[in-house]
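Please treat every number below as a calculation from the coordinates, not as lab data. Source: prediction; values computed, not measured. Note that each Cβ is placed from the backbone with ideal geometry, even for glycine, and that neighbours are counted across all protein chains shown.
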């Protein structure tokens, strides 16, 4: 356990079991140096508890880096609910989770993530005030996450392909949920051609028919020849098995924890693929809810999210100049900001 915390830099781990509802949950806090730690709640089946621990601590680190590079007054955290195997009372489970969050007294603010729905957050909000993104606050992060992905793709296309627009380019999109489908529609409108994949083949077929795109199986997407690969599903999709299969020049998508291991960023680089670090690409959602809660206007929030592309362009340039991967360059800049905050607080 402590080895995992040291590897990811997480500073706190909170574990809770509620025998009445069957809740088994973990909250990992990476940092509160810049302010209360923010991060969504996943509700998934994990193969074992170690897998859940690895996921939650890596995600918490990504949230810290995301908040730091976005200039937000927040630290990073994440939570996971180990989804019960049998039937369970979803309302009671999420209300119990809210009570767990509330025990931290505002050090952790939860939000939506894979396996958790807006209706679930409504239940969390019944038992804690420390939750963002439920129906009551009107802050849907998905449209701004999409905007951040598109801004990131523009930066990657400029840097890697020396192109100023998407017309005539081909993109392969993995995962067609709210963000993935929205990105697909926006790219199609911009004149790009698409190959689509989702575990739900009916969803793939339907969207492909709507957009005049090609659809393939969830596994075959790795072999699709394209200008850009856009992962918008779950993590661990870029690893020693999948990276050699990729036939692309760019990877930039909204999925969290895309790299199987930190070393896989170097493997992408060795294959001539420009990787846009996931926690920058998908920062639009966090920027939306954080700035919204701090009273920013819609225009201020949109400008901030559109600036994600400028942040990535800087990272691509500096990484090239220093002989680093963009992932390592981004980590370095985020760690510098966290250290600066720590030095100021000392």
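For the options 326, 36, 19, a Gaussian network treatment of the chain with springs between C-alpha atoms closer than 10 Å singles out 19 as fluctuating the most.
Under the rule a/c < 1.5 gives rounded, and otherwise a/b versus b/c splits prolate from oblate, where does the stretch 1-113 land using the Cα gyration tensor? Taking the square roots of the gyration eigenvalues as a ≥ b ≥ c, the stretch 1-113 is prolate.
Structure remark: mean-square fluctuation, Gaussian network model of the chain, C-alpha springs under 10 Å; the largest value among 333, 286, 312 belongs to 333.
The calculated 222 nm mean residue ellipticity attributable to helices in the chain amounts to -13500 deg cm²/dmol, summing -39500 (n - 2.57) over DSSP H runs of n ≥ 4 and dividing by all residues.
Angle of helix 90-102 to the longest C-alpha principal axis of the chain, folded into 0 to 90 degrees and rounded to 10: 80°.
Hey, in the GNM for the chain with a 10 angstrom Cα cutoff, which one of 22, 62, 76 fluctuates hardest? Answer for the Gaussian network model of the chain: 22. Going from the fewest other Cβ atoms within 10 Å to the most, the residues 64, 209 appear in the order 209, 64. Alpha carbon centre of the stretch 286-326 versus the stretch 1-56: separation in Å? Answer, in whole Å: 26.
Relative to the longest principal axis of the Cα atoms of the chain, the long axis of helix 142-156 lies at roughly 40 degrees. Each of 279, 222 has some number of other Cβ atoms within 10 Å of its Cβ, and from fewest to most they run 222, 279. Mean sequence separation of contacting Cα pairs (under 8 Å, at least six apart), scaled by the length of the stretch 27-146, corresponds to a relative contact order of 29 percent. Put in order of Cβ neighbour count within 10 Å, fewest first, the listed residues 162, 66, 304, 78 become 162, 304, 66, 78. Label the stretch 79-146 by shape, choosing from rounded, prolate and oblate, from the square roots a ≥ b ≥ c of the eigenvalues of the Cα gyration tensor; if a/c is under 1.5 it is rounded, and otherwise prolate applies when a/b is larger than b/c, oblate when it is not. Oblate is the answer for the stretch 79-146, as a/c is 1.5 or above yet b/c matches or exceeds a/b. Taking Cα atoms only, the orientation of helix 326-345 departs from the longest principal axis of the chain by about 40 degrees. Per residue, the average separation of C-alpha pairs within less than 8 Å and at least 6 apart gives the stretch 70-130 a relative contact order of 41 percent. For residue 339 and residue 317, FRET efficiency with R0 = 22 Å and r from the beta-carbon atoms, rounded to 0.05? Given R0 = 22 Å and the Cβ-Cβ separation, E is 0.50. Which of the three applies to the stretch 209-346, rounded, prolate or oblate, going by the alpha-carbon gyration tensor with a ≥ b ≥ c and a/c under 1.5 meaning rounded? Oblate shape, in that a/c is at least 1.5 and b/c is the bigger or equal ratio.
In percent, what relative contact order does the chain have, based on Cα pairs under 8 Å that are 6 or more apart in sequence? After rounding, I find 15 percent.
The gain in end-to-end length when the residue 239 to residue 20 segment is fully stretched comes to 74.9 nm, 0.36 nm per residue minus the alpha carbon separation.
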